[in-house]
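Novice: One structure, as structure tokens, below. Some questions next.
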Amino acid sequence: MYIRGECVAGKTKEIYKRFRQQCEMKNGKPVRCQRRKKTNPTAEDVQKYNAIIRERKVIRKANANFGKGDLYLTLTYPRGSRPTPERARKNLKNFQDCLRRRYRKAGQELKWMACTEIGSRGGIHHHMLLNQYDNLREISELWERYGGYAHIQFVRGNNLAKLASYISKNEYSCSRNLVDPKEKTRKVKANSWKENPVIPDGWMLDKDSVVTGINPVTGHGYQFYRLVQIE
């Protein structure tokens, strides 16, 4: 028996299968152990595991709230200008507050996810996901108040895994009005699952998402993958 979790996030669907017993890898597959010496995970193992869970949650939230036609911003500062991290956070918050007022005036509700990245030399810039807005020039002008440049791109698909993964690796925040999708689980009476995910009609596999292995913290075998709805 194993547990099968499924989470629908926008036009994506995540599948997570996991055994309830500890496992070991054999021929690239997790195989349940009858007895296994109990080991305590290292701090590094826990840190890596937490980073993976954080990344998946951010991707899930991004896919549930944003998609094709929404906006991806890179907000930079002038060359040679290096605001302190505290000042940069205030700049981003003020920018978001201004955007919220502009969206409200246009009869829309602002939704956003953002991160602040500090480079190896101390340079700072921000990345933001925004829901659709017609006046792109207005967005650029709002950020020009800080002397910087707003590079605006349209989101081209409904799987934002790469963008959201990048956001999750930095100082991340989001608006409170985002949908937070939940995973539904059920028990499957089987000793194993198919090595290759079964793709239902109308969906395609995000090949980069497929992971089969052993949870470094619990020792349980698992498989994870993401499906994307075909338009």
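The values are calculated or read from the model by the stated rules, or taken from the named source; none is laboratory data. Quick caveat, the model's predicted, so the values are computed rather than measured. Cβ coordinates were reconstructed from backbone atoms using ideal geometry, including for glycine residues, and neighbour counts include every protein chain displayed. Surface areas here come from the heavy atoms of the whole protein model, side chains and all, with no ligands, DNA or RNA. Shrake-Rupley method; radii C 1.70, N 1.55, O 1.52, S 1.80 Å.
Yes/no matrix, rows are residues, columns are (1) open to solvent by 90 Å² or more (accessible area, probe 1.4 Å); (2) farther than 21 Å from Val8 by Cα:
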| site | (1), (2) |
| --- | --- |
| Ile124 | no, yes |
| Arg156 | yes, no |
| Asp206 | no, no |
| Val228 | no, no |
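Novice: If you check Met128, Met113, which single one turns out to be outside any loop (DSSP other than H, G, I, E, B), open to solvent by less than 30 Å² (accessible area, probe 1.4 Å), closer than 24 Å to Gly157 by Cα and in contact with a Lys or Arg (Cβ under 8 Å, 6 or more places away or on another chain)?
Specialist: Result: Met113 is the single residue among Met128, Met113 that is outside any loop (DSSP other than H, G, I, E, B), open to solvent by less than 30 Å² (accessible area, probe 1.4 Å), closer than 24 Å to Gly157 by Cα and in contact with a Lys or Arg (Cβ under 8 Å, 6 or more places away or on another chain).
Novice: Mind counting the residues in segment 182-203 that are in a loop (DSSP other than H, G, I, E, B) and more than 23 Å from His220 (Cβ to Cβ)?
Specialist: Looking only at that region, the number is 4.
Novice: In segment 168-179, which residue that is modelled with pLDDT of 95 or more and not polar (S, T, N, Q) is surrounded by the fewest Cβ atoms within 10 Å (Cβ to Cβ)?
Specialist: For segment 168-179, the residue satisfying everything is Arg176.
Novice: Inside segment 100-127, can you point out the residues that are among the aliphatic types (A, V, I, L, M) and in contact with a Cys (Cβ under 8 Å, 6 or more places away or on another chain)? Step through it out loud before you land on a result.
Specialist: Going residue by residue through segment 100-127, those that are among the aliphatic types (A, V, I, L, M) are 106, 110, 113-114, 118, 124.
The answer is Met113, Ala114.
Novice: Please count how many residues of segment 56-106 are touching a helix residue (DSSP H, G or I) at 6+ places or on another chain (Cβ under 8 Å) and either aliphatic (A, V, I, L, M) or at positive phi (or both).
Specialist: Going through segment 56-106 one residue at a time, the tally reaches 7.
Novice: Inspect all residues belonging to segment 183-193 and state whether any of them is within 19 Å of Leu75 (Cβ to Cβ), at pLDDT 95 or above and either of a type in the set (Ser, Thr, Tyr) or surrounded by fewer than 16 Cβ atoms within 10 Å (Cβ to Cβ) (or both).
Specialist: There is no residue in segment 183-193 that is within 19 Å of Leu75 (Cβ to Cβ), at pLDDT 95 or above and either of a type in the set (Ser, Thr, Tyr) or surrounded by fewer than 16 Cβ atoms within 10 Å (Cβ to Cβ) (or both).
Novice: Ok, one more. For segment 116-130, check the following and say yes or no: at least one residue is without any contact (Cβ under 8 Å) to a residue 24 or more places away in the chain and under 30 Å from Gln229 (Cβ atoms).
Specialist: No: zero hits.
Novice: Could you tell me which of the residues Leu75, Leu71 is open to solvent by less than 20 Å² (accessible area, probe 1.4 Å), under 30 Å from Glu144 (Cα atoms), modelled with pLDDT of 95 or more and over 18 Å from the mean Cα position of the chain (by Cα)?
Specialist: That would be Leu75, the only listed residue that is open to solvent by less than 20 Å² (accessible area, probe 1.4 Å), under 30 Å from Glu144 (Cα atoms), modelled with pLDDT of 95 or more and over 18 Å from the mean Cα position of the chain (by Cα).
Novice: Which ones in segment 1-29 are in a strand (DSSP E or B) and either modelled with pLDDT under 90 or surrounded by fewer than 14 Cβ atoms within 10 Å (Cβ to Cβ) (or both)?
Specialist: Arg20, Gln21, Gln22, Cys23, Glu24, Met25, Lys26, Lys29
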